[in-house]
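Have a look at the structure below before the remarks.
The values are calculated or read from the model by the stated rules, or taken from the named source; none is laboratory data. Since the structure is predicted, the reported quantities are computational estimates derived from the model, not experimental observations. As a convention, Cβ positions derive from the backbone with ideal geometry for all residues, glycine included, and neighbour counts pool all protein chains shown. The accessibility values were calculated without ligands, DNA or RNA, using every heavy atom of the protein model including side chains. Shrake-Rupley method; radii C 1.70, N 1.55, O 1.52, S 1.80 Å.
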Amino acid sequence: MNSELKVSNQFGELILHVRYASGDNPMLLTIDATNEMKHAILHIAGKDFDRVVVSGNEPHVIYARWGAPEFLRVLAHYFVGNYGWNTTVLEAFQASTLSPLACSGNLVSSVGQSTADTSPAASYCFVASLTANNPRRQPRAVTNSGVESKAVAGSAQFGRH
Amino acid sequence: MFRRWGATEIQIFAMESGRWVWTRNKFGYELFEAELPLVQQKYREWLRATTDTGTPPSRISEFPKEFLLSPAVGMLHLFKTL
């Protein structure tokens, strides 16, 4: 399935336009972008997308497997939620039919579509919810697959190495 | 402790005041390669909105405090190799 993402900044200027092909041979092609966004896409393409965004003061894991149909939609959610950009996703369900999905502002939904065994078993990802009152509060752990899990004992010392 | 668990890298998502705290050099965290250009893009917009001039730094620790503490960016995805 082919889809396209357009991202515009707070001044209404287009800063990114990409085309994405999901499936066995996924592709993320930059059609138009600022230099910064071009560089970002170079690093985003080819990898599973695994981030955290804040919604209602709560962190939410968002995840999309590289090649999955929802990859561009998840990317759009991240751009809206973390950077406040406006996004439009055009999804081609058939060859000649494009269905626009627009999102903007600060609304973010958790779209964790996690699958297992996407990360090496030896890798760990620790997530800390850092608040204004206490940057070390609310330590959390994320499993290898990016799914939020229970807090890790002793992680109150998190980040103090 | 993390090394004993077999971890080779620590990743954190810094928010609110943590965007300034955890990006100080003494903690040794860096911004992921994919995130730096996004933050730089946002910094350019922030500069425009604040009628300031300048170019985006190449390291997260070099961004001004006012930008990091502003709501321009939600979370910063940082990592440190053990």
Between chains A and B, what is the buried accessible area summed over both chains (1.4 Å probe, protein heavy atoms, nearest 100 Å²)? 3600
Within the set A:Lys6/B:Lys26; A:Lys47/B:Lys80; A:Lys38/B:Lys26, which residue pairs have Cα atoms separated by over 29 Å? A:Lys6/B:Lys26; A:Lys38/B:Lys26
Leaving out ligands, DNA and RNA but keeping every protein chain, what accessible area does B:Ser58 have, in Å² rounded to the nearest 10, with a 1.4 Å probe? 80
Which order do you get for A:Thr30, B:Thr81, B:Thr53, B:Thr23 if you rank them by accessible area with a 1.4 Å probe, largest at the top? B:Thr53, B:Thr81, A:Thr30, B:Thr23
Just from its helices, what would the mean residue ellipticity at 222 nm be for chain B, if runs of 4 or more DSSP H residues each count -39500 (n - 2.57) and the sum is divided by every residue, rounded to the nearest 500 deg cm²/dmol? -7500 deg cm²/dmol
Those residues of segment B:27-52 whose amide nitrogen sits under 20 Å from the label point placed on A:Lys38, 7 Å along Cα→Cβ: B:33-45
Karplus 3J(HN,Hα) series, Hz, for segment B:68-82 with 6.51 cos²θ - 1.76 cosθ + 1.60 (x for Gly, Pro): 5, 8, 6, x, 4, 10, x, 10, 10, 8, 10, 9, 9, 7, 8
Keeping all protein chains in position, work out how much accessible area A:Lys47 exposes to a 1.4 Å probe, and write it in Å² to the nearest 10. 110
How much of A:Val7 can a 1.4 Å solvent probe reach, expressed as accessible area in Å² and rounded to 10? 0
What nm distance separates the two modelled labels at A:Phe11 and B:Glu33, each placed 7 Å from Cα along Cα→Cβ? 3.0
Whenever you get a sec, compute what percent of the accessible area on chain B sits on carbon and sulfur atoms (1.4 Å probe). 51
